[in-house]
Amino acid sequence: MSYNPNVHHRRSIRLQGYDYSQAGLYFITLCCHEKNHLFGKIENNQMLLNEAGAIAYDEWFKTPEVRPNVALAEFVVMPNHIHGIIIIKHSESVTQSAINRFNGTSHTIGAIVRGYKSVVTQKINSTYEHPITVWQRNYYEHIIRTEESYHNIANYIINNPANWQNDRLL
């Protein structure tokens, strides 16, 4: 079925008018296409990464190399999704923003997620005989605004493998 705007109403889950390149903490969840268990499995409350999971894991930690204004906090690869906290340390300047339009290194959360999903997809597909769809079309993000929220989300990420049987993304 092709896209029909009268039937398929895609509503943005992003906060209207919010500058997603501004300094702050962002909780991100990326799901595998059709909730496929692409990255490994949970055994004894521990995530066991397969080759695709190792790629997803390794590429996450390369993000600050590509985007120096980004740091990373808690992160976990699960069988069919990832959770992570991205820290944008400072906003782009107006001049830097203009330069980035030409070299493709925008530092918005959307650009960071697109870049990550793209490189993971390319590397995973280079290991398979036939290309696969790795990711669900969109992603979930939450702007972390308080220390309490940060601690709750960080604990959720850290404990996600132990709580796998109760995970709504299962």
All positions within segment 18-34 that are outside any loop (DSSP other than H, G, I, E, B) and more than 22 Å from Glu74 (Cβ to Cβ) = His33, Glu34
Determine which member of the set Ala154, Ala111, Ala98 is surrounded by fewer than 19 Cβ atoms within 10 Å (Cβ to Cβ) and at pLDDT 95 or above.
-> Ala154
May I ask you to verify whether Ile158 is among the β-branched types (Val, Ile, Thr), closer than 18 Å to Val113 by Cβ and within 16 Å of the chain's Cα centre (by Cα)?
-> no
How many of the residues making up segment 124-170 are of a type in the set (A, V, I, L, M) and not in a loop (DSSP other than H, G, I, E, B)?
-> 8
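Every residue in segment 47-82 that is acidic (Asp, Glu) and over 15 Å from the mean Cα position of the chain (by Cα), please. Write out each step before concluding.
From segment 47-82, those acidic (Asp, Glu) are 51, 58-59, 65, 74; that's our starting set.
Passing the criteria: Glu51, Glu65.
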Tally the residues that are within 16 Å of the chain's Cα centre (by Cα), within 18 Å of Ala52 (Cβ to Cβ) and surrounded by 14 or more Cβ atoms within 10 Å (Cβ to Cβ), restricting the search to segment 125-143.
-> 4
Out of all the residues in segment 48-92, which are in contact with a Gly (Cβ under 8 Å, 6 or more places away or on another chain) and among the aromatic types (Phe, Trp, Tyr)?
-> Trp60, Phe75
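The values are calculated or read from the model by the stated rules, or taken from the named source; none is laboratory data. Keep in mind that what you see is a predicted model, and the values were worked out from it rather than measured. Glycine gets a Cβ as well: all are built from the backbone with ideal geometry, and neighbour counts include every protein chain shown.
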